[in-house]
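Written out below as structure tokens is the structure these notes cover.
A short reminder: the numbers here are calculations on the coordinates, not readings from a lab. Nothing here was measured: the structure is a model prediction, and the numbers come from that model. Heads up, the Cβs are rebuilt from the backbone with ideal geometry, glycines too, and the neighbour counts pull from every protein chain shown.
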Amino acid sequence: MEEDLFSSRLSADLSQNAPLAARMRPRTLDEVVGQRHLRGEGAPLRVALETGTVGSMIFFGPPGTGKTTVARLVAAKIGAVYEELSAVSSGVAEVRRVIDRARDRRAQTGRRTVLFIDEIHRFSKSQQDALLHAVEDGIVTLIGASTENPYFEVIPALISRCELYQFEPLSPVDIQTLLDRALAAQGGAGSSIEVPEPVLDLIAQAGLGDARRAFTLLERSLVLARAKGLEALDEATVEEAAQRKLVLYDKQADAHYDIVSAFIKSLRGSDPDAALYYLAVMLTGGEDPKFIARRMIIFASEDIGNADPRALEIAIAVSRAVEFVGLPECRINLAHGVTYLGCAPKSNASYMGIESALREVEEHGAQAPPAFLRSTGYSGAKSLGHGVGYRYPHDDGGYNAQRYLPEALAGSEFYQPADNGFEARIKEFLGRLRTLRKEDAKGRED
């Protein structure tokens, strides 16, 4: 039955000359692969469809993840007329014409209109403003699609009138399911050429979460294989069709952990060339750039710390840029951060300091702070000795030799600054203060 379904799809209303991705477009929500958080049982989009509460919405996420397909399925499910515009080529006049048709249609037939706007983030503020009343009055049910975060690119007034649904990159397993469907269809993509499982897996991973990219690569590979007279598709032909060397990088397998480990160790070893290489491997293999940015933030504190306090600022800025810009451009922001972190002076003193303090607490429990450091913010605190004898550092020029650790831990030094970068200055400063505290403690004993 499934073969008949997809075979008819390939040969019916769409020309065989149409791209494979178009010929294999799902016709029901159940045929959609991936996005289970939106379409699965109890998921928000499915609930809205099943309860008839579909309103305007914005789909955002990477390309090739099903945004346009789901928009068409939503229109079909609610029995609406589907109108489509591209923000790249449409202006306010086109938007108003669609709205006028939708208003007339509703008045004459009572049918709803779904207006799908692709790349809605490319609309100017005035173009987005032109949609507001039609969306508010229900003249059109807007479905906008964007590869950008709508909170940055869509005006707040329009966002407030829409439900937001985030589409995730498809997993290699999801893409392979789609490729299997195409190959199973009679007279479809596969026809007379065998596609071994490892080769299909290579194509699925090369899709980088984008079904359209994977379908295109499969189709080009098979065309090239036929031209070469091959009976079975091989990896060399797929790479030739892709016009690049394909990287097998399973984000759930050993390669993921091995490459990430090599990336961090290259940064720690101050080798930006190696770190950039492993960054390129991860990006080419479809790694989530947000994951890479998170690792860089951790690294900035764990391995650089106060040797260069700006490292954490840079890493956080890179993470923000990744969220704001997205792929492919955010690779430049990641490279900026990688080269800075790789060349920064290194110190793990902050990391080792908290580990040392945690061990102390785990082994010996939490010691009470000295009475003079305890809170005086409640009635009777001073009668308990709280705050008595506290010396306000600013009265002594900003620093004094007062003991702050519990008495049982007096003289403990959890933080051991390194001699690198800015931390060398911290080491010198802290050394003077620690000496003063030891001298002060000795004087009190005498």
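Calculate, for GLU194 and ILE316, the FRET efficiency according to 1/(1 + (r/R0)^6) with r their C-beta to C-beta distance and R0 56 Å; round to the nearest 0.05.
Using R0 = 56 Å, I get an efficiency of 0.65.
Taken as Cα centroids, segment 63-126 and segment 290-310 sit 44 Å apart, rounded to the nearest whole angstrom.
Find the relative contact order for the chain and round it to a whole percent, using C-alpha pairs within less than 8 Å whose residues are 6+ positions apart. In percent, rounded to a whole number, it is 12. Extents of segment 254-343, taken as max minus min of Cα coordinates on every principal axis and listed largest first, are 33, 28, 19 Å. Of interest is the spacing of the C-alpha centroids, which for segment 343-414 and segment 33-50 amounts to 52 Å.
Computed extension gain for ALA424 through TYR151, at 0.36 nm per residue and net of the alpha carbon distance, reaches 94.0 nm. Starting from the 7 Å offset along Cα-to-Cβ, what nm value, one decimal, do you get for the label separation of ARG432 and THR284? Label at ARG432, label at THR284, 5.2 nm between them.
For the chain, with only Lys/Arg (+1) and Asp/Glu (-1) charged at the beta-carbon, what is the dipole magnitude about the Cα centre, in debye rounded to 20?
Numbers: 52 positive and 62 negative charges, 281 e Å.
So the magnitude is around 1340 debye.
Evaluate E = 1/(1 + (r/R0)^6) for SER124 and ALA227, where r is the Cβ-Cβ distance and R0 equals 45 Å; express this FRET efficiency to the nearest 0.05. Here the calculated transfer efficiency is 0.50. Enclosing the Cα atoms of segment 172-242 in their convex hull gives a volume equal to 69 cubic angstrom per residue. Full extension of the chain between ASN400 and LEU358 gives 12.5 nm of extra length, using 0.36 nm per residue less the Cα-Cα distance.
When the P(r) of segment 67-209 is calculated, the portion above 18 Å amounts to 64% of the C-alpha pairs.
Explain nothing, just the number: relative contact order of segment 35-166, from Cα pairs under 8 Å at least 6 residues apart, as a whole percent.
Working: 201 pairs, mean separation 45.4, N = 132.
Reported as a whole number, the value is 34 percent.
Put a dot 7 Å past the Cα of ASP273, heading toward its Cβ, do the same for THR53, and the two dots end up 6.0 nm apart.
Find how much the distance from ALA43 to VAL81 grows on full extension, using 0.36 nm per residue of separation minus their present alpha carbon separation; answer in nm with one decimal. The partial results should precede the final answer.
Values: separation 38, 0.36 × 38 = 13.68 nm, distance 2.45 nm.
Net length gain for the segment: 11.2 nm.
Place a label point 7 angstrom from the Cα of SER375 along the Cα-to-Cβ direction, then list the residues of segment 382-420 whose backbone nitrogen is under 14 Å away. Answer for segment 382-420: 382, 386-387. Over the chain, DSSP H runs of length four or greater, each weighted -39,500 (n - 2.57), average out per residue to a 222 nm ellipticity of -15500 deg cm²/dmol.
On the basis of the beta-carbon distance and an R0 of 30 Å, SER261 and SER412 show a calculated FRET efficiency of 0.35.
Using alpha carbons only, what's the Rg to Rh ratio of segment 367-445 with Rh from Kirkwood? Write down the numbers at each step before the final one.
Numbers: Rg = 15.0 Å, Rh = 14.4 Å.
Result: Rg/Rh = 1.04.
Building the convex hull from the alpha-carbon atoms of the chain and averaging its projection over directions returns 32.2 nm². Loop-located chymotrypsin sites (Phe, Trp or Tyr not before Pro) across segment 338-405 with a Cβ neighbour count of 13 or fewer within 10 Å are TYR378, TYR399, TYR404, with loop assigned by DSSP.
Tell me the GluC sites (Glu not before Pro) within segment 208-245 that lie in a loop according to DSSP and have at most 11 other beta-carbon atoms within 10 Å. Could the numbers behind the result be given before it?
On the way: sites: GLU219, GLU231, GLU235, GLU239, GLU240; in loops: GLU231.
Qualifying residues, ordered by number: GLU231.
Among the trypsin sites (Lys or Arg not before Pro) in segment 328-429, those located in a DSSP loop and surrounded by at most 11 other Cβ atoms within 10 Å of their own Cβ are ARG391. Contact order, relative form, for segment 254-351: 37 percent (alpha carbon pairs under 8 Å, 6 or more residues apart, mean separation divided by residue count).
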